[in-house]
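Input: a single structure, listed below in structure tokens.
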Amino acid sequence: MITLYDYELSGNCYKLRLLMSFLGIDHKTVPIDFYPGREHKSEWFLKLNPLGQLPVIEDDGLILRDAQAILVYLASKYDPSGKWYPRDNPALLGEISQWLAFADGITATASAARLHDALFYDFDIDAARAGAHRLFRILDEHLWFGEQQGRDWICSAAHPTIADIACFPYIMLSEEGGIPRQDYPAIRRWCDRVKRIKGFIVMSGVFPAGPARAAA
Amino acid sequence: MAKCSDTVILNLWHPVGAIAEAAPGAVQETVLLEERLSFQVGVDGEPVVWRSRPDARGADQVPAADRLPARGAYGYVWTSLGSPPADLFPIPEYAEPDRRRLNAATFGVNVSAPRAIENFLDMGHFPYVHTDILGAEPHTEVKEYDVEISVDRDEILATRCRFFQPMASTASDGGADVDYVYRVPHPYCSVLYKSSPVDESRRDVIAIFLQPLDQEHVRAHLLLCVLDENSEDKVIKRFQQTIFGQDKPILENQFPKRLPLDPRAETPIRADKSAIAYRRWLSQKGVTYGVIPAAA
Ligand SMILES: N[C@@H](CCC(=O)N[C@@H](CS)C(=O)NCC(=O)O)C(=O)O
Ligand SMILES: [Fe+2]
């Protein structure tokens, strides 16, 4: 069975919990005391991931770090529909990789701002917030033009891909880093669509979609 | 924003950090009531707190006259910018040897201390915010309970609180009707007692101690003092962090951020019985920091 080294309040760990829930696959959780215990910097954990970062998974003897890399692996191996990571569509794979890298940029900015405000990390908060706004502006515009063309998701497919999962958590948690989303209406509509994907689960700090349109 | 001039608040003990997270001898920097403070916990466990200054790199360089009042209690360092009372409010259960005593976490929250206390006292949000843990629909009703302001102890006491909880603690094995008692023994601190799933004659103790950074930002220190022989520390912490992580966005979206003390300021739905008592108690004390005082 897949083992996820997990911290509840980590958006990067949540990416994997989300995909596994969408795919309906079981996993075992090893809780890591990321805060305040800094267990991800402990000697035993550094053997698993020398970068000292969450998440990490173990599956069939394979140890893998980095949320985006793990999304690629899990979707390739466990999604029989082939939709979350369509391995036979080069253009789409290129787009997905582009947005997976973009998601890491969201981690470096929006997540850093949240770590600064909530967990007292010593980061340049103004730079983190400004960086997040710059990325949100780019994504909002991309999603807005997509909507004009009838595209609901980040990549050019009629269904969500792992790029949507990778971008979602730290956008949803951005307000905890003092980054409001009221100026990004297309992002807000997309977040709502993500929350309505069958199998969606929340993490602490993320709430389910409102009931208003649940029946639609 | 002007620094704090509220003498009631200045004269209180305030928490500034968890002793478990303060490496012995290392200087920690923090903020209390808009003042930069430094503190250090000695190898003997005794804390020293002072107003941060560039010429002092450690407690031994701070003359006794420049040190702030300091004490260790309930696993935290406490200090005061004024003349604090001789004693901190009691939590007798903390001394019981079979309890697990943990700082679940210290979180920065963009909220005033009184708003955070009020949310802590409110059981009505359990099913909606802590769904399937501390509450679940259709069990949404807050049943009648008692609130008093205890004059001799100078604290608020809410008793006979009951709520159906699917997963009351890490030691739970299913849903149960849980009894609660809430105390507010300090304007910015609250202690709750809830039925223990492992011993029906005793209660788990969970406290929230708010360190006011300024009127609209706090560090929330979460103390756990619970009965659970089986769960690892990190599992107990994770449970409480999950719950607090759910409260956080709710707290940060409160408007106005300071707590209005005028009884007509907010609808009774938001301000239930214990909240009304809390607001009245703060008014009677003359607290002005972190609140919007009632018009005279
Ligand atoms: N690129 C990595 C970044 C992971 C990351 O930033 N993880 C955080 C927790 S959510 C962490 O462990 N930070 C500790 C550190 O970077 O030292 C990924 O996407 O997995
Ligand atoms: Fe709550």
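Each part reduced to its alpha carbon centroid, segment A:76-134 and segment B:163-224 end up 36 Å apart. Listed from fewest to most Cβ neighbours within 10 Å, the set B:T79, B:T242, B:T7 follows the order B:T7, B:T242, B:T79. Other residues lying with their Cβ under 9 Å from the Cβ of B:W281 contribute a combined charge of +1, Lys and Arg counting +1, Asp and Glu -1. For the pair segment B:23-98 / segment B:240-256, the C-alpha centres are spaced 27 Å from each other. Computed over segment A:116-216, the quotient of the alpha carbon radius of gyration and 2.2 N^0.38 Å is 1.13. Three principal axis extents of the protein assembly as shown based on alpha-carbon atoms, in descending order, are 74, 55, 47 Å. Please give the net charge around B:L157, taking every other residue with its beta carbon less than 10 angstrom from that of B:L157, where Lys and Arg add +1 and Asp and Glu add -1. Computed value for this residue: -1. The three principal axes of the C-alpha atoms in segment B:92-292 carry coordinate ranges of 45, 36, 33 Å, sorted with the longest axis first. Loop-located trypsin sites (Lys or Arg not before Pro) in segment A:74-111 (DSSP state other than H, G, I, E, B) with a sparse environment of at most 13 neighbouring Cβ atoms within 10 Å: A:R87. B:E93 sits among other residues whose Cβ lies under 13 Å from its own Cβ, and their net charge, with Lys and Arg +1 and Asp and Glu -1, is +3.
Think of segment A:65-154 as a dipole: +1 on every Lys or Arg Cβ, -1 on every Asp or Glu Cβ, centred on the Cα centre; then among A:S81, A:S111, A:I96, A:S81 lies furthest on the positive end. Could you tell me which residue out of B:V129, B:Q211, B:A296 lies farthest along the dipole of chain B toward its positive end? Charges go on the beta carbon: Lys and Arg +1, Asp and Glu -1, centred on the Cα centre. Value computed over the given set: B:A296.
With q set to 0.10 Å⁻¹, the log10 of I(q)/I(0) for segment A:28-168, from the Debye formula over equal scatterers at the Cα positions, is -0.43. Once backbone amide H atoms are built at 1.01 Å from N, B:A73 has B:W78 as its partners under 5 Å, excluding neighbours fewer than 5 places away on the same chain.
None of the figures in this text is laboratory data; all of them are computed from the coordinates on show. This structure is a prediction, so every number in the text was calculated from the model and none was measured. Glycine also receives a Cβ, built like all others from the backbone with ideal geometry; neighbour counts cover every protein chain displayed.
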